[in-house]
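Participant: Please read through the structure below; I'll follow up with questions.
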């Protein structure tokens, strides 16, 4: 026997048992056959939803911090062409050339849509891609919904078959990727809603589930935001880990909520993701720069480093300066987008309050976290890195001086070598010119004749060979004498 759900909270277990016995006897059954464990109490209604909608908000870097639009645009347009082909293949539909051109030409058309309808597995659905070309980023919103009434298992099956359409573009930097689930709630408890959200999060974002959650009120329903971060709610937020879940009272509220998503939530989340992206990049960059600084603080004297090592040190100094500039730029980026975030938050709440009560305190909590933690942390990082840069600048002056000294030494050595060869060649040429007419006289000198007799390889030489040999010998001797003179000069100058 099942009691009415409205009575279940006010009837004690003892009175329930009495009620069940009375019903048992009214059926003509014997009281002694009554078995209390067979009593059926009210069951909690199962989760039931309709018009389930899945949204994917993908923000991609277009240009900035060394990234040029001329490089990223071809990759993004290729990604959009692949989406058109994917939708056409999966839903057996085709698009006109004009529709595809408008959707894929991101510089020519700033806002474009790609609507589609069809079936995927057992689900009949409608949806669209919508994209916006911002100054420094591209925004792509995917939406697919079905008007069918689903229980938890059917809803999860629908979400799983939509995963293929949520992938961000490859070869480009993703600023942020957020998912939204919305539906009309027919029945279900908060516990069942959380269980549904848990399964959706595991299938769509991370199988480990979320770490943090916040709850708010939107009209006659509730809105939840889930994400992953450690160790505290707003610190070390993992990229692409946000899921927002909102249930509405009826289809009219769901349609109004969809307009809020596109017009007001979209720019709000873009500002939020830009803040998180800039903060994450700055923290990673600081770690890299500290490693470069430790590399430049050599434990052994700079004079012992070779030219390659000194050149690498100069390159590291250049990278450090660029990195420090990037940290300061990211700090400014966060300040700008925090202001944008607060403006979008106020605009969102004002427009949402037209349709009913709104309580979205967690949006303001994020803004406070940025002001109280993110910006002071980046300011500390910038200050410490500037002090490191002062040390590196002094070290760089020393390195440049060493490079100049070594370059001057190499120049002097090269000049000395050229001078020695020049003296040798000049001496050899003079000897060859002067001795060509006196070969026999030179051979007749007793010392020269004796020397020639002692050199077996000179026997049979012609006069030409003799002159050339004498020239080479004289030039070499002059070069050696010059080398000794230079070395002696440098030794006595110390």
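Participant: Taking neighbour Cβ counts within 10 Å as the exposure measure, how do 265, 132 sort from fewest upward?
Facilitator: Ascending number of Cβ neighbours within 10 Å: 132, 265.
Participant: Another question about this same structure. What order, most packed first, do the peptides 81-90, 337-346 have when packing is the mean number of other Cβ atoms within 10 Å of each residue?
Facilitator: So the peptides 81-90, 337-346, ranked by packing, come out 337-346, 81-90.
Participant: Sticking with this one: Compute the FRET efficiency between residue 85 and residue 252 as 1/(1 + (r/R0)^6), taking r as their Cβ-Cβ distance and R0 = 35 Å, and round to the nearest 0.05.
Facilitator: 0.45
Participant: Now, a different point. Could you sort 62-73, 480-491 so that the peptide with the highest average Cβ count within 10 Å comes first and the rest follow in order?
Facilitator: By packing density, highest mean first, the sequence is 62-73, 480-491.
Participant: Something else: For the pair residue 97 and residue 75, what calculated FRET efficiency results from E = 1/(1 + (r/R0)^6), where r is the Cβ-Cβ distance and R0 = 25 Å, to the nearest 0.05?
Facilitator: 0.70
Participant: Let me ask another. For the residue pair residue 230 and residue 108, what label-to-label distance in nm results when each label sits 7 Å from Cα along the Cα-to-beta-carbon direction?
Facilitator: It works out to 4.9 nm between the two label points.
Participant: By average Cβ neighbour count within 10 Å, what is the ranking of 219-229, 109-119 from highest down?
Facilitator: 219-229, 109-119
Participant: Which length gain, in nm to one decimal place, applies between residue 65 and residue 415 when the Cα-Cα distance is subtracted from 0.36 nm times their residue separation?
Facilitator: Here the segment from residue 65 to residue 415 would lengthen by 121.4 nm.
Participant: Still on this model: Could you please rank 417, 354, placing first whichever residue has the fewest other Cβ atoms within 10 Å of its Cβ?
Facilitator: 354, 417
Participant: Also, I was wondering about something else. Rounded, prolate or oblate: which one fits the stretch 52-99, using the alpha carbon gyration tensor with axes a ≥ b ≥ c (rounded when a/c is under 1.5, else prolate when a/b beats b/c, else oblate)?
Facilitator: Oblate is the answer for the stretch 52-99, as a/c is 1.5 or above yet b/c matches or exceeds a/b.
Participant: Another question, then. Given a Förster distance of 60 angstrom, what is the FRET efficiency for residue 189 paired with residue 308, based on the Cβ-Cβ distance and rounded to 0.05?
Facilitator: 0.30
Participant: Any chance you could run the full-extension gain for residue 490 through residue 212? It's 0.36 nm times the residue separation minus the Cα-Cα distance, nm to one decimal.
Facilitator: Extending this stretch completely gives an extra 92.7 nm.
Each value in this text was obtained by applying a stated rule to the coordinates, not by laboratory testing. What you see is a predicted model; the values in this text were computed from it and never measured. We place every Cβ from the backbone using ideal geometry, glycine too, and count neighbours over all the protein chains shown.
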